[in-house]
Amino acid sequence: MKKLFLLAILLFSISIFASSCSTSEKKINNDVEDNISTAASTDNFADLGNKVWIDTNKDGIKQRPESGFSGIVINLYKDTNKDGKPDGKIFKTDTTDKGGYYRFNAIDPDINYVLEVIAPDGYEFSANNSESNSVKNDFDSDIIPATGFSKTIDVKKGRYFYWYDAALHAIGPITNGDPARVGDKIWLDSNKDGIK
């Protein structure tokens, strides 16, 4: 009897430990801190969004110290035929906040969507899905660089789909934060020999 009691306690302890170690769709990235709830704003609808950031090293992966990009226009379109192209006019529009975040609340979960991110002058998109082949990755860009659109997005009722990000970088060479410079010295070549 004592062995059965100890076995029951052991099995109960293992089940408690296993449930506390369950995995979620959100991957931990020690380089970036995102504190995001997976619950939608309402039970009968879905939410969609996340972040646009300045990808200083142009690798398409969110890292410290890359900061959010505020003021970026995000358009949401319906994609009823799931072809990855907008069906009709813009359904909703949002603009990223000071942290680079955007969010579309209470959208119909029975419809598929595509996102459009409007790159400002002087910026272009980094490669998409750089960190893994999974679109459900909160640390890489999900916008197709050639089009500025996402692939088809299928949302579910009662959930917040928080992993649709966009990486933008300045057009030009990587400068590690220093402005690019071109030039040298100009001098008056009085004897016209081309030597200073």
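The values are calculated or read from the model by the stated rules, or taken from the named source; none is laboratory data. All figures in this text were calculated on a predicted structure; none of them were measured in a lab. Positions of Cβ are generated from backbone atoms using ideal geometry, with glycine treated the same way; all protein chains shown enter the neighbour counts.
Remark: pairs (first residue in region 141-169, closer than 19 Å to residue 87 by Cβ; second residue of a type in the set (Ser, Thr, Tyr) and not in a loop (DSSP other than H, G, I, E, B); Cβ separation under 8 Å; 6+ apart in sequence or on different chains) = 152/113; 153/113; 155/113. Answer yes or no as to whether residue 60 is of a type in the set (Gly, Ala, Ser), surrounded by 18 or more Cβ atoms within 10 Å (Cβ to Cβ), closer than 16 Å to residue 168 by Cα and in contact with a Ser or Thr (Cβ under 8 Å, 6 or more places away or on another chain). Against the criterion (of a type in the set (Gly, Ala, Ser), surrounded by 18 or more Cβ atoms within 10 Å (Cβ to Cβ), closer than 16 Å to residue 168 by Cα and in contact with a Ser or Thr (Cβ under 8 Å, 6 or more places away or on another chain)), residue 60 qualifies. Quick one: is residue 104 among the aromatic types (Phe, Trp, Tyr), under 20 Å from residue 153 (Cα atoms) and at pLDDT 95 or above? Answer is no for this residue.
Being more than 17 Å from residue 56 (Cα to Cα), at pLDDT 90 or above, over 13 Å from the mean Cα position of the chain (by Cα) and surrounded by fewer than 16 Cβ atoms within 10 Å (Cβ to Cβ) holds for only one residue in 196, 85, and it is 85.
Of the set (1) surrounded by fewer than 21 Cβ atoms within 10 Å (Cβ to Cβ); (2) modelled with pLDDT under 90, all apply to residue 161 but (1).
Within the bounds of region 100-109, is there any residue that is assigned to a loop (DSSP other than H, G, I, E, B), without any contact (Cβ under 8 Å) to a residue 60 or more places away in the chain and at negative phi? For region 100-109, residues assigned to a loop (DSSP other than H, G, I, E, B), without any contact (Cβ under 8 Å) to a residue 60 or more places away in the chain and at negative phi: absent. When residue 114 is tested against (1) crowded, with 16+ Cβ neighbours inside 10 Å; (2) at pLDDT below 90; (3) within 17 Å of residue 154 (Cα to Cα), just one condition goes unmet, and that condition is (2). Only residues that are farther than 17 Å from residue 92 by Cβ and over 13 Å from the mean Cα position of the chain (by Cα): list them for region 45-70, please. Scanning region 45-70 gives 56, 57, 58, 64, 65, 70.
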